[in-house]
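S.K.: First the structure, which I've put down as structure tokens, then a few questions once you've had a look.
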Amino acid sequence: MALQTLEIYKSLPKTNCRDCGCQTCLAFAMQLAVQKARLGQCPHLDEKARAALSEESEMAIKSVRIGEREIGNETVVFRHEKTFNHESLICLEISDSLSDSEIGQKTSDFLKAKFDRVGHILTLDMILVRFESGDAKRFACVVDAAAKAVGGIIIECNDINAAREAAKSISGRGAILCKSNHAEFACIAREHGLSIIVGGNSLAEIAENAETVTKISDSIILNVDLGSFRDNVRALTQIRRMAIKQRYRNLGFPAFARASDTAEAGVYLMRYASIVTIKEIDNSELLPLLTLRQNIYTDPQKPLQVEQSVYPIGAANKDSPLLVTTNFSLTYFSVSSEISSSKVPAHLLVVDTEGMSVLTGYAADKFSAETVTRAINKLNAAEMVNRKQLVIPGLVAQMSGALEDESGWKVAVGPREARELRKFMATLK
Amino acid sequence: MLPAIEDRYMGRINEITVGLKKAGGEDMLPLLGFDRNRAPLLGLEIQDIKPEMPDTLAAAYGDATDDPVNWAAFCEKQGIDLLSVRFEGANPQGKNRTDEEAAGILKCIQENARVPLLVYGTGNKARDGLLMDKLGRVLRKNSIIGNAEEEGYKSVAAAAIANDHYIISFSPIDINIAKQMNILLTEFGIKQERIIMDPLASALGYGLEYSYSIIERLKLAALAGDKMLSMPIICNLTDVWNCKESYDTENPSWGDAGKRGIMWETLTAVSMITAGADIVIMRHPQALKNTKKLIKRYLQNGTTDPGDI
């Protein structure tokens, strides 16, 4: 919500001290109104003024945009309190001292790490390039190549010139990570519309450095790299709790953590890191990791759903059996997985029950003789099989009579548990 | 100056003894890095028969699974804190072993076991009444028996009381049923300190987040002072190797099936522990080792109980 110049001016000190870089407070207010200046430029605002002026400051953990993605703006310590708002971004680390072909291989593997789960595409999100070659031009070149592959890049660099060069290729869609001189690097970051990742040797130091940088940048990320897995997990938890429970401003920013292996990455993404880096691409470990992220970041109040449709499992043909279930993604996944394991090809007709499971859907009348019949007709299931026979879940056996009457199909009752499907499917042959 | 961040809770999780080690007893949330953390206990599970297993899991055991006593011995070498034994063989719909046969096998396993045992029946309520009684008598005192569920818990509970064992109070991802089970058990005569809760661990990708949040809520309730929920939590990863992702070889983009299955189980275990599980029963020895390594790495910076690792 944009505030008018005069509204803003009311909350400023009105001393015309010029510390913000403008000639007068009114001039500063005008700049703020059109977002040409930042609130942090005025070092004399008290909490009240800050609160009155900035919608952003209402966020316990500031939100940060990196290209198309948003992180931060988290409001709870436990997902069951409401939900986690933004998925952790997973970031691959590479060194600019790698050869061109190695870099090509890494970016190619990065792009291939794509999986389809519950109708959602799971992917990696960012690449971090470390300046290790000592050659600023090489660094800029590698960063540029990485930037062509992915929408978000972090440059890790302790050399001002190298950072400045490389920042040009990633304007508006990345971050700079440095070990010290945060203020200097923050300026470069700001110039190029990048976030600044601020660290320290202890939580107190990180908070101090963040505070220093707020005067320069409003896109800050905290680097939680305290020397051990334990200290990092502890710090990540404390940051989340202090920001939300105590509204402690200097740690109210999204956090960044580096994982040494996939299991550690899993813990970091469960424990509040908004960006987690990994060192290698191995699809056998990434599929589980991305699935974990999908699970933890699912809104507890909005279960994932699958589209109403007839899904072929295996080489299903017109003689294959037809089974019916609900569109709760977990139900769909469990059932289709078990049918698939049985090696008996089948059609799985998924009824839209608004994401409810079999029993819940039945209790709420979303999974009934009427709704199943409607789905059968809408999906033209009769065209897909030679015999009008279907199997319903054992948990709703009582529906079989009514469903036969309503649909005109013959109804058989399947097992109560998805895992019993494997044996059951063999009997359908 | 950072604001004070120490946590003080009113409640505490009950502490139980599992062989030479302890589980539970914490007075704060897991993975907070304060010095009172204790390593969760890890175990593997065997059955008295050779069960069907996907290749990716079977590969870890070779022919050890041909005989339960050999299988138990194999597991002991994997660095476990306890061993779970499930008597699926006594199922009337399967091998239909007699109580005596089952007891004989258990005796043999126990004689050779250096770790404490956790024993499950068949899951068939009618069968388990007598079975658990028999097995309960064979077991050394302070072993663990499971599961006590809403229907048919009395005979399992009786076996626990008569033979001085811990009992697993099972609930299907429902905090109200969890509490109700504990009330039923304590009213039946089980002491609160002898109960271990199993809120049903769902596998990664197949409901993990439900188990994760229930466990966090159970821990918070206990730490807030709810004595009827202050029992340590056990997670048995029964379903992980039923997940397609733990064994499927038909998707080249999914990478190596063996490694994938191991990571599928590792991340499931690690999530349960992050949420607050005190004991995790796993299946693949490598997944167990990975989990143990991570726990050790976490506790590295000073622990009051270095012997726990």
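S.K.: Run the helix sum for chain B: -39,500 (n - 2.57) per DSSP H stretch of 4+ residues, divided by residue count, reported at 222 nm to the nearest 500 deg cm²/dmol.
M.R.: Details: 9 runs with 119 residues, N = 309.
Helix-only estimate at 222 nm: -12500 deg cm²/dmol.
S.K.: Before anything else, pin down the relative contact order of the stretch A:1-114: Cα pairs under 8 Å, at least 6 apart, normalised by residue count, whole percent.
M.R.: About 14 percent, as a whole number.
S.K.: Please find the FRET efficiency linking A:Thr212 to B:Arg297, where r is the Cβ-Cβ separation and R0 is fixed at 30 Å, and quote it to the nearest 0.05.
M.R.: Here the calculated transfer efficiency is 0.40.
S.K.: Around B:Asp128, with a cut-off of 12 angstrom between Cβ atoms, what is the net charge of the other residues, counting Lys and Arg +1 and Asp and Glu -1? Spell out each step's value before the answer.
M.R.: Working: positive: B:Arg86, B:Lys125, B:Arg127, B:Lys134, B:Lys154; negative: B:Glu88, B:Asp99, B:Asp133, B:Glu149, B:Glu151.
Neighbourhood net charge equals 0.
S.K.: If r is the Cβ-Cβ distance from A:Glu7 to B:Glu76 and R0 is 41 Å, what FRET efficiency results, to the nearest 0.05? Mind showing how you got there, number by number?
M.R.: On the way: r = 73 Å, r/R0 = 1.77.
Efficiency, from the Cβ-Cβ distance: 0.05.
S.K.: Right, something else. For chain B, which DSSP H helices look membrane-span-like by this rule: Cα extent along the axis of 15 Å or more and mean Kyte-Doolittle of at least -1.0? Show your work: numbers first, answer last.
M.R.: Values: long enough: B:99-112 (20 Å, -0.46); B:125-138 (20 Å, -0.38); B:153-163 (16 Å, 0.75); B:175-188 (20 Å, 0.64); B:208-223 (23 Å, 0.51); B:257-275 (27 Å, 0.51); B:285-299 (21 Å, -0.87).
Helices passing the filter in chain B: B:99-112, B:125-138, B:153-163, B:175-188, B:208-223, B:257-275, B:285-299.
S.K.: So, one more: Can you compute the helix-only [θ] at 222 nm over chain A? Use -39500 (n - 2.57) per DSSP H run of at least 4 residues, normalise by all residues, nearest 500 deg cm²/dmol.
M.R.: One gets -11500 deg cm²/dmol as the mean residue ellipticity at 222 nm.
S.K.: How large is the dipole of the protein assembly as shown about the Cα centre if only Lys and Arg carry +1 and Asp and Glu carry -1, each at its Cβ, rounded to the nearest 20 debye? Intermediate results must be reported in sequence, preceding the final value.
M.R.: Numbers: 86 positive and 94 negative charges, 141 e Å.
Dipole about the Cα centre, nearest 20: 680 debye.
S.K.: Checking a compactness column here: for chain B, what do you get for Rg(Cα) / (2.2 N^0.38 Å), N being the number of residues? It would help to have the intermediate numbers written out before the result.
M.R.: Numbers: Rg = 18.9 Å, N = 309, 2.2 N^0.38 = 19.4 Å.
Cα-based Rg divided by the globular estimate yields 0.97.
S.K.: Debye calculation, C-alpha points only, no solvent: report log10 I(q)/I(0) for the protein assembly as shown at q = 0.06 Å⁻¹, in the same order as the q values.
M.R.: So the normalised log intensities work out to -0.42.
S.K.: On the principal axes of its Cα set, how long, how wide and how thick is the stretch A:389-429? Give whole Å, largest value first.
M.R.: Computed over the stretch A:389-429, the largest-to-smallest principal extents equal 29, 21, 8 Å.
S.K.: With both partners inside chain B, how many of the DSSP beta bridges are antiparallel, as a percent to the nearest 5? Please report the intermediate quantities before stating the final value.
M.R.: Numbers: 4 of 31 bridges.
In chain B, approximately 15 percent of DSSP beta bridges are antiparallel ones.
S.K.: Once the other residues with Cβ under 10 Å from the Cβ of B:Leu204 are scored (Lys, Arg +1; Asp, Glu -1), what is the net sum? Write out the running numbers ahead of the final one.
M.R.: On the way: positive: none; negative: B:Glu209, B:Asp239, B:Glu245, B:Glu265.
That sum, taken over residues with Cβ under 10 Å, equals -4.
S.K.: Averaged over every viewing direction, what's the projected area of the C-alpha convex hull for the stretch A:230-367? Give it in nm², one decimal, please.
M.R.: Values: hull surface 46.9 nm².
Quarter of the Cα hull surface area: 11.7 nm².
S.K.: Mind checking which of A:Leu12, A:Ile281, B:Ile262 is farthest towards the positive end of the protein assembly as shown's charge dipole, using Cβ charges of +1 (Lys, Arg) and -1 (Asp, Glu) about the Cα centre?
M.R.: Farthest along the dipole direction, towards plus: A:Leu12.
S.K.: A further question follows. Can you run phi through the Karplus equation (6.51, -1.76, 1.60; θ = phi - 60°) for the stretch B:40-47 and list ³J(HN,Hα) in whole Hz, with x for Gly and Pro?
M.R.: Listing the rounded values in order: x, 8, 10, x, 10, 10, 10, 10 Hz.
S.K.: Another one. Relative contact order (percent) for the stretch A:244-296, with alpha-carbon contacts under 8 angstrom and 6 or more residues of separation?
M.R.: Details: 47 pairs, mean separation 17.5, N = 53.
That works out to 33 percent.
S.K.: What angle, in degrees between 0 and 90 and rounded to the nearest 10, separates the Cα long axis of helix A:283-296 from the longest principal axis of the Cα atoms of chain A?
M.R.: In chain A, helix A:283-296 runs at an angle near 90 degrees to the longest axis.
S.K.: State to the nearest 20 debye the size of the charge dipole of chain B about its Cα centre, where the only charges are +1 on K and R beta carbons and -1 on D and E beta carbons. It would help to have the intermediate numbers written out before the result.
M.R.: Details: 35 positive and 42 negative charges, 142 e Å.
Dipole size: approximately 680 debye.
S.K.: For chain A, give the magnitude of the charge dipole about the Cα centre (Cβ charges: +1 Lys/Arg, -1 Asp/Glu; no others), in debye to the nearest 20.
M.R.: Details: 51 positive and 52 negative charges, 97 e Å.
I would put it at about 460 debye.
S.K.: Beyond 27 Å, what share of the Cα-Cα pairs of chain A remains, rounded to the nearest whole percent? Don't skip to the end; give the middle numbers.
M.R.: Details: 56160 of 91806 pairs.
Above the 27 Å cut-off, chain A has 61 percent of its Cα pairs.
S.K.: Please quote Rg/Rh for the stretch A:165-225 to two decimal places, taking the Kirkwood radius as Rh and restricting both calculations to Cα atoms.
M.R.: Taking Rg over the Kirkwood Rh, I get 0.96.
S.K.: In Å, what Rg and Dmax follow from the Cα atoms of the stretch A:347-392?
M.R.: When restricted to the Cα atoms of the stretch A:347-392, Rg and Dmax are 11.0, 32 Å.
S.K.: Another question, then. Expressed as cubic angstrom per residue, what is the convex hull volume of the alpha carbon set of the stretch B:46-89?
M.R.: Values: hull volume 3.0 nm³, N = 44.
It comes to 69 Å³ per residue, whole-number rounded.
S.K.: Against the longest alpha carbon principal axis of chain A, how many degrees, from 0 to 90 and to the nearest 10, is the axis of helix A:100-112 turned?
M.R.: Here the helix axis deviates by roughly 50 degrees.
S.K.: Taking 7 Å along the Cα-to-C-beta vector as the label spot, tell me the B:Asn176-A:Lys137 distance in nanometres, rounded to one decimal.
M.R.: Computed distance between label sites B:Asn176 and A:Lys137 equals 7.2 nm.
S.K.: Taking the Cβ of B:Met228 as the center, what net charge do the other residues with Cβ under 15 Å away carry, scoring Lys and Arg +1 and Asp and Glu -1?
M.R.: On the way: positive: B:Arg12, B:Lys179, B:Lys191, B:Arg194, B:Arg217, B:Lys219, B:Lys227; negative: B:Asp174, B:Glu187, B:Glu193, B:Asp226.
Around B:Met228, the surrounding residues sum to +3.
S.K.: Full extension from A:Ser97 to A:Val118: what is 0.36 nm times the residue separation minus their Cα-Cα distance, to one decimal in nm? Kindly include the intermediate steps, with their values, before the conclusion.
M.R.: Values: separation 21, 0.36 × 21 = 7.56 nm, distance 3.87 nm.
3.7 nm is the gain from fully extending A:Ser97 to A:Val118.
Just so you know, all these numbers are worked out from the coordinates, no wet-lab data involved. Predicted model, so just to flag it, every value in this text is computed and none were measured. All Cβ positions, glycine included, derive from the backbone under ideal geometry; neighbour counts span all protein chains shown.
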